[in-house]
Every structure is written in structure tokens, then in C-alpha cells.
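Let me give you the structure first, and then I'll get to my questions.
Read-outs throughout are calculated quantities, based only on the coordinates presented, and are distinct from any laboratory measurement. All values reported here derive from a predicted model rather than from experimental measurement. Glycine also receives a Cβ, built like all others from the backbone with ideal geometry; neighbour counts cover every protein chain displayed.
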Amino acid sequence: MSPEHLIGVVDLRHGVPVHAVAGERHRYAPRHEGGQPLRAAELIEHYRRRGVRRFYVADLDGIIDGHPCWDLHRQLAEGLSQNEHLLIDAGWRGTETESEVRPIRETIAKHSDQIAFVAAAESAVTRESPSTLAKAIGANRVWLGFDYRLGRWVGGNGSEPSWTRAAEKEGYAGIVVLDLATVGTAGGPTTEPIIRRLKTALPNVAVLSGGGIRDNADVEELVAAGANGCLVATALMNR
């Protein structure tokens, strides 16, 4: 696959990369290479060798348990080359204390132009979740996470229209669209209609998407729908 539109995904559980399949998180197993469990830095290097320069980390320790792997995030940030970018979903809830915000600021301190964070509908405890993250690190470093399962919105606070209005109004970096049911399945992407809907409403807002991507044809399909980048893991691991 051409690396131009690719974003290499690192799903972390207990601090190690795992193979995420269909959003069934209790079944996620560590990724291996050469019979040995992969480390996060090794997985990113695997992506680098394929020309990928943008990386997306889904920290399931943060998303599920509320305990992000901050030391690891800082290490990954330190390892970025000048032309690389890292987008992190650490399970931002919107109710974090100042002490919980501090590691985020420390992660971006030396690499502010290369690091961004996700405020996802799935994790949000309040409707103000994205704005509280924006107040902490700046709206230009915040991506909204629009999560779906089989095309249905996932998120206890707010709807797709309300989050779309926030994206239009607040000047966030963009939107990440994921259908959790297709992640890691190699069954083909299903988010094309969602991307088209969002780009019609927000033509100037960047949209990233993934889940089920198998090959260049799938990437081209999402780009044609308006995606500015495609999140890929399994298809890149198989190359």
C-alpha cells in the first residue's frame, strides 16, 4: 500500500501492542514477530520501514481502566523523527484532575507540533469532554473520536450531530471515525457513508478513518469519500 495516506495503528493493552479484532477487547492478544511479543517501538519501526510517518496509539489501559501508559507515550514521543506525527487516544473522559492532565502536557512539551490527543465519544463522561481537553492543550491538538459499532453511534454523552456541531464551532484538529466492529477483521471498511456525511457537513474539517482495511483499493475508497488519512494495522503487519 502507498504510505501517503496511511496511519500505522498501535493498540496497547497492559503496555504491549495487541491485535485488536472487532472491538472484542477481552480477546485482544499480544502481537508477535519472529515468535516474540512486539514492543510498541518495534511496531512503529515496522511501520516506518513501510514508509509510514503517522502513527495512532489506542491506549486500552487508559480507555478501559483509566490508567494510561504515560511513560510509554513519552518514550514514543521522544523517538519521533522530525517529519513524524503521533496521535494518542488515552481514554480522555473530560473529568480529569490537574494531576491527570499533567502527563499529557509533559508528553507534548518537547514535541508540541508532532503530538495530538483524541477526545472520543466512547470515553466521554460529559458533553464538554473535548472542550476540557482543548483548554488543557489547545484545540489544534485535539481530534474528536467518532466511534460506531455496525454503523451505530457509540457514546453516552451527545449524539453525532452534537459532536459534529462542536467540530464545526471549536476549531479542533479533525475527526477520527472508527467502526469498532470492523477493526482487525480484514473484512473491508464500512465507514464510507459516514465520511461522506461528515465531509458534506464539514468540508474543511480533516477526517481520518479505518477498520477492516485490506489493501490499496480500500484506502482509495475511503480517500475518495473524503478521508484525509486511513488507520491501518493488520494489513501493514501482513506486508
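Roughly how many nanometres apart are two label points built 7 Å out from the Cα toward the Cβ at Ala201 and Leu150?
About 2.3 nm separates the two model spin labels.
Let me ask something additional. Taking the Cβ of each residue in His67, His46, His73 as the centre, tally the other Cβ atoms inside 10 Å and list the residues starting with the fewest.
Fewest to most other Cβ atoms nearby, the residues stand as His67, His46, His73.
Among bridges DSSP assigns within the chain, what percent are antiparallel (round to 5)? Don't skip to the end; give the middle numbers.
Values: 9 of 43 bridges.
Of the beta bridges lying entirely in the chain, close to 20 percent run antiparallel.
What is the sum of charges around Glu84, taking Lys and Arg as +1, Asp and Glu as -1, for the other residues whose C-beta is under 12 Å from the C-beta of Glu84?
Residues near Glu84 contribute 0 overall.
What percent does the relative contact order of the range 3-237 come to when contacts are Cα pairs within less than 8 Å and at least six residues apart?
Once normalised by length, the contact order is 18 percent.
Let me ask something additional. For the pair Glu100 and Gln36, what calculated FRET efficiency results from E = 1/(1 + (r/R0)^6), where r is the Cβ-Cβ distance and R0 = 25 Å, to the nearest 0.05?
0.15
Would you please classify the overall shape of the range 146-193 from the alpha carbon gyration tensor, given that a ≥ b ≥ c denote the square roots of the eigenvalues, rounded means a/c under 1.5, and beyond that prolate means a/b larger than b/c while oblate covers the rest? It would help to have the intermediate numbers written out before the result.
Details: a/c = 2.80, a/b = 1.86, b/c = 1.51.
Prolate shape, in that a/c is at least 1.5 and a/b is the bigger ratio.
Over the range 109-227, what relative contact order in percent results from Cα pairs under 8 Å that are six or more residues apart? Before the final figure, lay out the partial values.
Values: 208 pairs, mean separation 25.6, N = 119.
About 22 percent, as a whole number.
What share of Cα pairs, in percent, lie more than 25 angstrom apart in the chain?
35 percent
Per 0.36 nm of contour for each residue apart, how much would the distance between Ser81 and Arg48 grow if the chain were fully extended, relative to their Cα-Cα spacing?
Full extension from Ser81 to Arg48 adds 10.8 nm.
Now, a different point. What's the local net charge at Thr191, with K and R +1, D and E -1, over the other residues with C-beta under 13 Å away?
Local net charge: -1.
Also, I was wondering about something else. Which residue fluctuates most in the GNM of the chain (Cα springs below 10 Å): Thr200, Thr185, Thr95?
Thr200
So, one more: Would you calculate the separation in nanometres between label points at Asp65 and Ala217, each defined as 7 Å from the Cα along the Cα-to-beta-carbon direction?
4.1 nm
For the pair Asn140/Asn238, report the inter-label distance in nm, with labels modelled 7 Å from Cα in the Cβ direction.
Result: 4.0 nm between the two label points.
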